[in-house]
Each structure stands twice: as C-alpha cells, then as structure tokens.
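Notes follow the structure.
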Amino acid sequence: MEALIPLFVAIPLISAFLIIILGKLVKGLHRILGPATLLALLIMALFSFTGLNQAAHIYTMGGWSSEGGFPIGIYLVLDGFSVIMLCVINLIGFIALFYSLSYIRKYTAEANYYALFCLIVAGMNGVVLSGDLFNLFVFLEVSVISSYALVAFGVGKTELEASFKYQVLGGLASMLILLAIGLIYWKTKTLNIADVRNVLDAGYSKPYYIFVQVLLISGFGLKAAIIPFHAWLPDAHSSAPSPISAMLSGVLIKAVGIYVLIRLFFNMFVFTHEIAVVFTTLGAISMVIGSLLAIMQWDLKRLLAYSSISQIGYVVMAFGMGMILIVKGDNYPAATLALAGGIYHMINHSVFKGLLFLNAGALEHRLDTRDLKKMGGLSSSMPITSSTSFIASMSISGIPPFNGFFSKLIIIIAAIDGKFYLLAVLAIVVSIITLAYFLKFQRYAFFNKSPGKALEKIREVPFAMSFSMVVLAFLCLALSLLAFPSLREAVLQPALQVLMQSELYSTTLLGI
Amino acid sequence: MTVYILCFVLFLVGLYGIITRRNLVKIAISLSIMEFSIFLILVLIGYVDGGLAPIVDPEMAGQVYVDPLPQAMVLTAIVIGLATTAMLMAIAIRLYRKYKTFDIREIKNLRG
Amino acid sequence: MEGMSIIVKKVAQLVAGLIFTYGIYIILHGHLTPGGGFAGGAIIAGAFILLILAFGSNAMKLREEVAGTSNTESVAILMVVILALMALLFGAKVFFANFLDKGEPGTLLSAGVIPLYNIFIGIEVAGAILTIFLALVIFKEESSK
C-alpha cells in the first residue's frame, strides 16, 4: 500500500498538463480526463482508508533511508489523521468537478479551469501527505497559487479585485511561514517533522519557540481565516465561481490551514499552556464575530463566507480545548471528546458548506443574481435545489437528525466536561444565531412570495449540478450515523490516537 | 548579528510599502522586497565561518563546507516568488484595463 | 510592438547566441558548478526576450509563439514526472530514485539521473518565463488597439 502514496500527487500533476497539451488537439478531452482523474483519486483514498490497520505508512522519496538515526530523505506519511483529510479532499473535489461540468460552460477557456483544478487538488494532497517542513511549504504554494488564478477566473471587476486582495495577504502569510521554517531549521538543523520533535524533546529555549509558534499561527491562521486574519475571505469566496467557492471554503481552508496547524502543534511542538489559551481564544472570537457579521448580509455568498469563519471558529475552539486539557493532564476523556468533536465538525463542515455553495451556484446559474432581496418563491420551480438547501441549512444550524447537530453536541459536551462553561454557552448562542441567518436565507430565497413575473419561468438546473447536490445531501444524512460510538471509534480512532499520543509520531517514524 | 537585523529592516521596508503605497505595481514590488529579505535570512542561517562553497572535491577530503540545504530551499523559493509576482502583475494589468487606473482608492467595488 | 534602431538589432543578434550558449553551459554543468536547471532556464529565456524586444513583432506572430512555448513547457514538466515515475520500475523501485549509472564524480557524464532532471527543468523554466512575458505583451497589444 505504500506504493499508492506518491501517486496521490503524481496523478493529478500528469493529468493537469495532459489536459493543457492534448486539449488543443482533442476537443472535449478535458471533460473526460478531469472527472476520471478525480474519480481514480477518490477510489484510491477510500482504499487507503479501509486498509490502514492503525499504523502509519511511510514512504521515503528517492530511497534515502535514515543514516544513524537521522532521517536525510523527504518522507511522505500516511496515518490516521491524513487519511481522513485525503478522503474529504478527494470527495469534495470530485463532486465540485462534476458540478462544474455544466457550470463552467458560461466561461471561456474551459481547459485551463480543469488543469488548475487538478493542480489545486495535487497541492492539497501533497500538503496532507507531507512529513517534511519545506515539502509542505512547496505544495502549499502550489495549491494556493492555483487558487489565486481560479478566484479570478471569470475576469470581471469584482473577481479581479478580490483576487488581488487575496494574493497580497496570502503572499504575506507565506512569507511568515517561510521565516518560521527558517527559524526552526536554525536551531534544530533538521527539516523532518518527526526529527524536530526528537530534538525538541531533549531541551529547548522557550521564548524562541513561542516566537516561532506565533509566526506559524499568524501565517497558517491567515490561510485558515481565523479572526483577525479573515479580511480576504468574504471577497474571495463570494467572487469566485461557485464550485471553486465550494472547494475553497470546504476544503482549502481546512487542508492548508487547520490541518497543518494541528499537525505541527500536536506532533511537532511540545505543548505549552499559553499557546493553547491563544488557540481557544481565537477560536471563540472567530465563532462569535463570524456569525454576527453574517446576519447583516444580503449577498448570498458573502453570508455563506462569513458563516464559514464562524464554523471554523468552532473547530479551532474544539482543538484548543483539547490542548488545554492535555496540558493540564487530568481529564483525558474530555480531551479525547473535544478532539473527536473537532475532527467530526471539520468533516461535516466540508460536506454541508460545499452543498450550500453549490446551491448558491445553482441559484446564480438560473437567476444571474446573488442578492437575496431579488429572489423569492423558488421552492416550487426548483425543487431539488430547494430541498437540498433546506437539508444543508438544517445541518449547519444543528437540528437533529442531521450531522451538524451531533458534532456540535459533542463539542458542547466536551466543553462542559472540561469545565469551560463560558465556551459552552457561547457555542449554544452562536448555534442559535446560525439558525437565525439560515432561516433568513431559506425564507428570502425559497419560501417568500415571488416578487415578479420574471421569476415564474425558472426551471431546474441541469443533471450534473443536481446530481452533485443530491449526493452531498445524502452524505449530510449518512454522516450523522458517525455519532454512534462504534462507528465513531472505527472512523475517528486512528486520528485520535495520532493526536492524543503525540509523542508516538516521532518515535514510530524514526524507528523505521 | 547585525546582518540579521539588517535583513529584518529590509523586511520592515517591504511591509511598509505594502501598507502605505497606493499604486498596485508598487504593492507588488514591496511584496517582492519582503520575499527577498526572507531569502537572505535563510541563506545567512547556513553560513559557517571559513567554509567553502559546497561542491565536494574528491581529492581534498576533510574540508569545512557551507551548509547547502538552505541554498536549495532558497532556489526553490525564488521560483515560487517568481510565480507569485507574475500572477500579481497579470491581475494588475487586467485591473488597469477595467478601471483605467492603478490607484487602489478607485478600485473599491466590494464593501461590507 | 515596434523594434528598436539598427544598432540595437545588430548587437542583439550577435549577443543572443552567446547568452543562449552560456545558458546551456550552466544547465549541463548543474551537478558540477553552481546553477542548475532554474538559473540556466532563466538565462535562456533572457536570450529570447532580448531578441523579441529588439526586433518587435505584431500580435499575430506572438500568438503563434505563445502556443509553442506553452506546449514546450507542458511537455517538459510531463517528462520530469515521467522520469520520476520511471524510477518505480528500475533500480530501487522507489519514486524519484536515482536509477541510472553514477559514473565518476567530477566528470560531465556522472551523477545518474540528475543531469536529465536539470535539462528538463531548464527547458521548463525557459518556456514558463517566455509564456508569461508573451502573454503580458499580447495583452498590452490587444488593449492598446
């Protein structure tokens, strides 16, 4: 199974450039090659998920195994946490690509879109699989630069301005990350994540590493759109084409933002109490401010973008609570529950936020507007869009029996178990506010009285778009089954083991 | 130590340029200046006093070489910086075509 | 865009060949001297850019050229990934391994697969920089009409 690991990066790279070269000779090749590539990646990801067997698989690129205990090659690591992220990335990627088979016909230069989409998936797969700090940076840049181009894809006024703002802030964040990697290399003389942990276990100077950790939180926090680094997100996610908004908001801010933060802070750095408190505070502030800003929006995709900030705040807060409880060292069951809630909410948010952005794209495809005041009464003329968006809105607000209810419940129970009563109250209040603005979306888009005769002639969206939306809505219901303890253990336990026993990452990797 | 402080001053010069300049092209150039200062810090991290260039000569063994790993990192990062600058410039000239100006005070379509 | 005066054209013709040869030298000796694929590719692109700036072209001719450079760049990247995947078949059967014969250190034909990587990366970087330059020039030409 180790032989599959480099293929996750090589296959999308090859197909991206094949689409560019052969797209000029064979018309319509991109419509076959793109979905075929992502379907192959999805099958490989599900196969790796079932064949994991609770151990970490390591792939040394170039065959450079460790000499005398020091790893000198670049490692690609597939363990419990990476395989969950791989499944999510490739699943949402395949569904967004299938959706864009009919959505992108409005734009010109379709072949470039599919090539850039394959590159963004290749970059994210590389970030999730990488076991080496600089390799992570290179794949991070590959995916992020492709996303700059995809945000500006339909070259209108708002898209270009949003892409420029996104690029300047994203470039600043990448520079901070590179500076932090340089500072880590200076003191530890190694770039391998497991080896850095090994060196840090032997003793380190605390103020230096607190500075490095603050730089990393700023850099990756900007990629993950935590408050106060969120300024690019509403513009970029609302101006991009809708399947790209689903990819950005559903997968990119998790794969290159939160996943890397969790991997570095749990498995590379030794826990400190101050950084854990910073994490929890930033998460709680993002949760509250994101939802308060979302209530005021009349532009549909800006509302969804602000709601992304709020839900990512939930995830960061859950991981922060887990860190504080592990540092205090007295309440391990509550810490495991908090981490499980965080990972489960991350998976759920990809599914229902992807579905919401695809719905917004369907509405834009038929109505040519994103303004909620101009829509109304569409529940009879667009039944599939209306019912799937109802399911997604109920999921994200935390209504049983959909999946959002269970993940938020786990986070709130973990907060009460760990005696974070203020955070539990904030989580419940923000959930009620989320319900408020999603009811606003549902009412103004679907269940209001129709404001004019022009909206009477709206038909349903084409097959590719409705198929993707129905699949994601089905997953919203199916993922709620993960709340049962037996299924939750089977799916999340490898990831939790990697995070809870964080020293095992470095010892298992260096022993091999 | 003064060398690192000078590189950090260059970083702050780039940051000042991003914050205060109004022309799109000047913002892109300031981002490039910031990137180059980080590259300088990375290469200086690998410097060893009295070291030679890291090309191994098989006749003379036991020499002290400068650390080659930061040099490899900086080579890759320079190419990434090239791609970033090219993207920024492409967006900047398309913005000029739409708005007929490079001034960011005029390009404020997105609010809220 | 228009070309420049006759002196610039003659000097550019003389010097472009030298710059091109220098770029190829840097790429080929990448495992012996500093440089390698990236630096050599940028130098080769510089030679072509010098010729385009000195002689000028209209937008139609440049558009054919950009199709050529874009294809060159994509083919070179595909060759790099295929070389990395070919390592899965020979030698140590690991992705990205060095599977060719390594020869004597210090000579030109040594270090296994590294000179091949340098050549393909050099072609790729030259193609990429040329494509970016040509795309920006074509855009300016079209928007100024």
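Looking for something under 24 Å from A:F81 (Cβ atoms) and not in a helix (DSSP H, G or I) - is there at least one such residue anywhere in the range A:7-28?
For the range A:7-28, residues under 24 Å from A:F81 (Cβ atoms) and not in a helix (DSSP H, G or I): absent.
Restricting attention to the range A:61-75, and to residues there that are assigned to a strand (DSSP E or B) and at pLDDT below 80, which single residue is surrounded by the most Cβ atoms within 10 Å (Cβ to Cβ)?
Just the residues of the range A:61-75 that are assigned to a strand (DSSP E or B), to begin with: A:61, A:67, A:70, A:74-75.
From the residues that got through so far, the ones that are at pLDDT below 80 too are A:67, A:70.
Numbers: A:E67: 9, A:F70: 12.
Out of the qualifying residues, it is A:F70.
Given C:G122, C:G127, C:G103, C:G68, which one is more than 9 Å from every other protein chain (Cβ to nearest Cβ), under 27 Å from C:L14 (Cβ atoms), of a type outside the set (A, V, I, L, M, F, W, C) and exposed (fewer than 15 other Cβ atoms within 10 Å of the Cβ)?
Going through C:G122, C:G127, C:G103, C:G68 in turn, just one is more than 9 Å from every other protein chain (Cβ to nearest Cβ), under 27 Å from C:L14 (Cβ atoms), of a type outside the set (A, V, I, L, M, F, W, C) and exposed (fewer than 15 other Cβ atoms within 10 Å of the Cβ): C:G68.
Can you tell which of A:A149, A:A162, A:A180 is at the interface with another protein chain (Cβ under 7 Å from one of its Cβ atoms), free of Cβ contacts under 8 Å to residues at least 40 places away in the same chain and either more than 30 Å from A:T60 (Cα to Cα) or crowded, with 20+ Cβ neighbours inside 10 Å (or both)?
A:A149
Filter the range A:197-212 for residues that are part of a helix (DSSP H, G or I) and more than 16 Å from A:F137 (Cα to Cα) and give the result.
Residues satisfying the conditions are A:R197, A:N198, A:V199, A:L200, A:D201, A:K206, A:P207, A:Y208, A:Y209, A:I210, A:F211.
Considering (1) within 14 Å of chain C (Cβ to nearest Cβ); (2) of a type in the set (V, I, T); (3) in contact with a Ser or Thr (Cβ under 7 Å, 6 or more places away or on another chain), say which one A:I92 fails and leave the rest.
(1)
Quick one: which residue in A:L378, A:L363 is aliphatic (A, V, I, L, M) and assigned to a loop (DSSP other than H, G, I, E, B)?
A:L378
Would you mind telling me which numbered condition in (1) more than 30 Å from C:L130 (Cα to Cα); (2) of a type in the set (S, T, Y); (3) surrounded by 13 or more Cβ atoms within 10 Å (Cβ to Cβ) B:S30 fails?
Tallying (1) more than 30 Å from C:L130 (Cα to Cα); (2) of a type in the set (S, T, Y); (3) surrounded by 13 or more Cβ atoms within 10 Å (Cβ to Cβ), B:S30 fails exactly one: (1).
Quick test of your reading of the structure: B:A92 fulfils all but one of (1) under 27 Å from C:E124 (Cβ atoms); (2) touching a Gly at 6+ places or on another chain (Cβ under 8 Å). Name the failing condition by number.
Condition (2) is where B:A92 drops out.
Kindly establish whether C:S110 is touching an Asp or Glu at 6+ places or on another chain (Cβ under 8 Å) and either crowded, with 20+ Cβ neighbours inside 10 Å or within 30 Å of A:P6 (Cβ to Cβ) (or both).
Yes; evaluated as a whole, the condition is true for this residue.
Which of the numbered conditions does A:A45 fail, given that it passes all the others? Conditions: (1) of a type in the set (A, V, I, L, M); (2) surrounded by fewer than 23 Cβ atoms within 10 Å (Cβ to Cβ); (3) without any contact (Cβ under 8 Å) to a residue 60 or more places away in the chain.
Exception for A:A45: condition (2).
Quick one: which residue in C:L62, C:L18, C:L14, C:L50 is at pLDDT 90 or above, crowded, with 17+ Cβ neighbours inside 10 Å, away from every other protein chain (no Cβ under 14 Å) and outside any loop (DSSP other than H, G, I, E, B)? Break it down into steps so the answer makes sense when it comes.
Numbers: C:L62 fails: at pLDDT 90 or above; C:L18 fails: crowded, with 17+ Cβ neighbours inside 10 Å; C:L14 fails: crowded, with 17+ Cβ neighbours inside 10 Å.
None of the others qualify; the one that does is C:L50.
Which condition does A:M296 not pass, out of (1) in contact with a helix residue (DSSP H, G or I) (Cβ under 8 Å, 6 or more places away or on another chain); (2) farther than 26 Å from A:I326 by Cα; (3) within 14 Å of chain B (Cβ to nearest Cβ), if it passes all the others?
Among (1) in contact with a helix residue (DSSP H, G or I) (Cβ under 8 Å, 6 or more places away or on another chain); (2) farther than 26 Å from A:I326 by Cα; (3) within 14 Å of chain B (Cβ to nearest Cβ), A:M296 violates only (1).
Can you find, within the range A:29-60, the residue that is nearest to A:Y114 (Cα to Cα) among those that are in a helix (DSSP H, G or I) and hydroxyl-bearing (S, T, Y)? Steps first, answer last, please.
Taking the range A:29-60 first, the residues in a helix (DSSP H, G or I) are A:29-50.
From what is left, the residues that are hydroxyl-bearing (S, T, Y) are A:37, A:48, A:50.
On the way: A:T37: 11, A:S48: 25, A:T50: 29 Å.
Going through the qualifying residues, I end up with A:T37.
Name the pairs whose Cβ atoms lie under 6 Å apart, with the first residue in the range A:413-424 and small (G, A, S), the second in a loop (DSSP other than H, G, I, E, B), and 6 or more positions between them or separate chains?
From residues that are small (G, A, S), the pairs are A:G418/A:N331.
From A:G63, A:G68, grab the single residue that is out of contact with any helix residue (DSSP H, G or I) (no Cβ under 9 Å at 6 or more places or on another chain), over 30 Å from C:A67 (Cα atoms) and away from chain C (no Cβ under 14 Å). Walk me through it before giving the result.
Numbers: A:G63 fails: away from chain C (no Cβ under 14 Å).
It is A:G68.
Just wondering, is there one or more residues in the range B:72-93 that are more than 9 Å from chain A (Cβ to nearest Cβ) and over 25 Å from A:Y148 (Cα atoms)?
Checked against the condition, which is being more than 9 Å from chain A (Cβ to nearest Cβ) and over 25 Å from A:Y148 (Cα atoms), the range B:72-93 yields no hits at all.
Of all residues in the range A:277-304 being hydrophobic (A, V, I, L, M, F, W, C) and in contact with a strand residue (DSSP E or B) (Cβ under 9 Å, 6 or more places away or on another chain), which is surrounded by the fewest Cβ atoms within 10 Å (Cβ to Cβ)?
Restricting to residues being hydrophobic (A, V, I, L, M, F, W, C) and in contact with a strand residue (DSSP E or B) (Cβ under 9 Å, 6 or more places away or on another chain), the top hit is A:W298.
Suppose the filter is assigned to a helix (DSSP H, G or I) and either farther than 23 Å from B:M1 by Cβ or in contact (Cβ under 8 Å) with a residue 24 or more places away in the chain (or both); does B:I80 pass it?
Working: assigned to a helix (DSSP H, G or I): yes; either farther than 23 Å from B:M1 by Cβ or in contact (Cβ under 8 Å) with a residue 24 or more places away in the chain (or both): yes.
Against the criterion (assigned to a helix (DSSP H, G or I) and either farther than 23 Å from B:M1 by Cβ or in contact (Cβ under 8 Å) with a residue 24 or more places away in the chain (or both)), B:I80 qualifies.
Does the range B:7-57 hold any residues that are outside any loop (DSSP other than H, G, I, E, B), within 12 Å of chain A (Cβ to nearest Cβ), within 30 Å of C:L32 (Cα to Cα) and not small (G, A, S), and which are they?
Result: B:E35, B:F36, B:I38, B:F39, B:L40, B:I41, B:L42, B:V43, B:L44, B:I45.
For the range A:104-113, check the following and say yes or no: at least one residue is at pLDDT 90 or above, crowded, with 21+ Cβ neighbours inside 10 Å and part of a helix (DSSP H, G or I).
yes
Does the range A:247-258 contain at least one residue that is under 23 Å from A:L293 (Cβ atoms), out of contact with any Gly (no Cβ under 8 Å at 6 or more places or on another chain) and outside any helix (DSSP H, G or I)?
No: the range A:247-258 contains no residue that is under 23 Å from A:L293 (Cβ atoms), out of contact with any Gly (no Cβ under 8 Å at 6 or more places or on another chain) and outside any helix (DSSP H, G or I).
Residue check, A:Y208 against (1) within 12 Å of chain B (Cβ to nearest Cβ); (2) over 30 Å from A:L13 (Cα atoms), all met but one. Which one?
(1)
Go through (1) of a type in the set (A, V, I, L, M); (2) part of a loop (DSSP other than H, G, I, E, B); (3) touching a residue at least 40 places away in the same chain (Cβ under 8 Å); (4) more than 12 Å from every other protein chain (Cβ to nearest Cβ) for C:L109 and report which single condition fails.
Against the list (1) of a type in the set (A, V, I, L, M); (2) part of a loop (DSSP other than H, G, I, E, B); (3) touching a residue at least 40 places away in the same chain (Cβ under 8 Å); (4) more than 12 Å from every other protein chain (Cβ to nearest Cβ), C:L109 comes up short only on (3).
Within the range A:13-28, take every residue that is out of contact with any Phe, Trp or Tyr (no Cβ under 9 Å at 6 or more places or on another chain) and more than 8 Å from every other protein chain (Cβ to nearest Cβ) and give me the one that is modelled with the highest pLDDT.
Once the filter is applied, the top-ranked residue is A:L22.
The values are calculated or read from the model by the stated rules, or taken from the named source; none is laboratory data. Fair warning: this is a prediction, and the values are worked out from it, not measured in the lab. In this analysis, Cβ positions are derived from the backbone assuming ideal geometry, glycine residues included, and neighbour counts consider all displayed protein chains.
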